[in-house]
Structure formats: structure tokens, C-alpha cells
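Step one of this worksheet: look at the structure below.
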Amino acid sequence: IHEDSVSITTERSFNAETLEFEATYPLTVAFVTKDFTEDASGLEYIGTPRQQLGDGGFIAQITDESTGEVVAVTDASWRGLAVQRAPLNTECVSSSDPTSECESEDLGEPDGWTDADYDDGAWDDATVYTAAQVDPKEGYDEIDWDPAAELIWTSDLEVDNTILWRVTVPAPAGA
């Protein structure tokens with residue numbers, strides 16, 4: 001229902017988006033998150049002294065506007081699938097030709113993965129990271145995060161570049 005308003009090619013550490021949507025409980029929430037890479041090599045700043053592996057991180061909170069209550073936050077209960085990974089051979093980070101020397105994997109999105117009845121049982125549980133590990137800047141501290149909201153990604157912050165995320169949010173007690 002929404003795409004980040006800041007292009008993935010914009011150099012910045014943290015993008016913040018606010019969106020509204022209508023839904024009924026239970027909610028099936030699905031996100032595609034991407035860490036910037038210049039090409040299939042999985043590297044950033046290719047050909048410059050800053051050529052490096054990227055690192056991802058994702059944090060979200062969902063508020064029921066009718067009650068003002070935060071009903072979901074990113075945490076270890078989210079299920080993730082890395083669909084684009086690179087470089088699989090991380091030593092290529094120092095290559096003068098990473099586009100041809102770095103190996104990558106692109107699985108594509110599974111059919112129906114955003115459907116409520118999709119079986120994500122084989123997907124990995126999210127890995128929780130501290131703000132120090134992800135080092136978000138430029139806006140992260142401007143958001144009043146629910147204390148339970150955690151930065152998540154897969155188990156590999158550097159190689160896993162595109163992640164599909166799912167979580168089911170049950171109806172709040174008394175709803």
C-alpha cells in the first residue's frame with residue numbers, strides 16, 4: 001500500500017515513513033525492505049575509497065488510530081526471507097571489478113507471500129540488533145519509538161540485501 005518516498009539510491013542512513021491504512025483484525029502485515037546496493041555485487045560506493053559491504057536494519061510500529069494504542073512493533077516474532085543476497089564471497093569487497101567478481105543470489109518473491117493464508121513457516125525469525133550495531137542516523141532519534149520496538153534484520157546485516165517480512169497482529173484484548 002506504500003513505497004518509501006526516498007529513493008533507495010539516496011545516500012542517507014535512515015528513512016522514516018508514516019502511512020495510514022484501513023484493515024480489520026487479525027492484520028497480516030507484509031513489508032519489503034532493501035539495503036542499498038549499487039548493483040548485483042551487493043557493494044556500495046563502487047570504485048571509491050569507501051567501497052564496502054552495506055548493512056541493513058528495519059524498525060516499525062503500528063498504531064491503531066481509533067485507540068491510539070501501538071498494536072505491533074518489529075521484534076523477534078517477525079518472519080523474514082532474504083530474497084537477494086550479495087556478495088556471497090565477501091572477500092570481493094576489495095576487488096577492482098566487483099560487478100564481475102562478486103557472487104549473488106536472487107530468489108525473487110514467492111507467489112502469494114502477502115496473502116493472509118501464506119505459509120511462512122520455513123522463513124527465519126528476525127534477528128534483533130541494537131541501535132549501536134545498526135547505527136541509524138538522520139531521523140531515527142526524532143521518532144518516539146514504543147519501548148518494545150526493536151531494530152531487526154536477518155542474521156546477516158551485510159550480505160542479505162532484500163528481505164520480505166511478515167507478521168500477524170491479533171485483535172487487541174477487548175476488541
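Points worth noting:
- Largest-first ordering by accessible area, 1.4 Å probe, given options L88, L107, L43, L81: L107, L88, L81, L43
- Calculated from the structure at hand, semi-axes √(5λ) of the Cα gyration tensor in Å is found among (1) 41, 29, 21; (2) 27, 19, 15; (3) 31, 18, 13 as (3).
- Exposed-site-free run, longest, the chain (rule: GluC sites (Glu not before Pro); DSSP loop; at most 10 other C-beta within 10 Å): 66-175
- Counted by Cβ distance under 11 Å from E158, the other residues give a net charge of -4, where Lys and Arg count +1 and Asp and Glu count -1.
- Surface accessible to a 1.4 Å probe, per residue, for the residues of the range 46-171, Å²: 54
- Solvent-accessible area of D39 with every protein chain in place, 1.4 Å probe, in Å² to the nearest 10: 50
- Percent of Cα pairs exceeding the 14 Å cut-off, where the set is the range 99-175: 75
- By a 1.4 Å probe calculation restricted to protein chains, T63 has an accessible surface near 60 Å², given to the nearest 10.
- The chain - mean residue ellipticity at 222 nm from DSSP helices (-39,500 (n - 2.57) per run, n ≥ 4, rounded to 500): -500 deg cm²/dmol
- Residues T37, T99, sorted by accessible area with the largest first, give T99, T37 [1.4 Å probe; ligands and nucleic acids excluded].
- Share of Cα-Cα pairs in the range 104-144 lying beyond 14 Å, as whole percent: 71
- Of the solvent-accessible surface of the range 9-140, computed with a 1.4 Å probe and all protein chains present, 44% belongs to carbon and sulfur.
- Surface listing: K34, K137 arranged by accessible area from highest to lowest gives K34, K137, probe 1.4 Å.
- Converting phi to 3J(HN,Hα) with the Karplus coefficients 6.51, -1.76 and 1.60 and the offset θ = phi - 60°, the range 146-151 yields 4, x, 7, 5, 10, 6 Hz in sequence order, with x at every glycine or proline.
- Interchain or long-range residues, amide H under 5 Å from A72's placed H: I62
- Applied to the range 44-58, the Karplus parametrisation 6.51 cos²θ - 1.76 cosθ + 1.60 on θ = phi - 60° returns per-residue 3J(HN,Hα) values of 10, 6, 4, x, 10, x, 8, 3, 7, 6, x, 8, x, x, 8 Hz, with x for Gly and Pro.
- Pairwise centroid distance, computed over Cα atoms, of the range 38-66 with the range 140-156, Å: 14
- Among the protein heavy atoms, those of Y45 account for about 50 Å² of accessible surface (1.4 Å probe, every chain in place).
- For the range 109-120, the Karplus equation 6.51 cos²θ - 1.76 cosθ + 1.60, evaluated at θ = phi - 60°, returns couplings of 7, x, 4, x, 5, 8, 6, 4, 8, 5, 8, 9 Hz by residue, with Gly and Pro reported as x.
- Computed over the alpha-carbon atoms, the range 46-134 gives an Rg to Rh ratio of 1.08, Rh here being the Kirkwood radius from the mean inverse distance.
The values are calculated or read from the model by the stated rules, or taken from the named source; none is laboratory data. Everything quoted here is computed from the prediction, not taken from an experiment. FYI the Cβ positions are ideal-geometry reconstructions off the backbone, even for glycines, and counts take in every protein chain you see. Heads up: the accessible areas ignore ligands, DNA and RNA and are worked out on the full protein's heavy atoms, side chains in. Shrake-Rupley method; radii C 1.70, N 1.55, O 1.52, S 1.80 Å.
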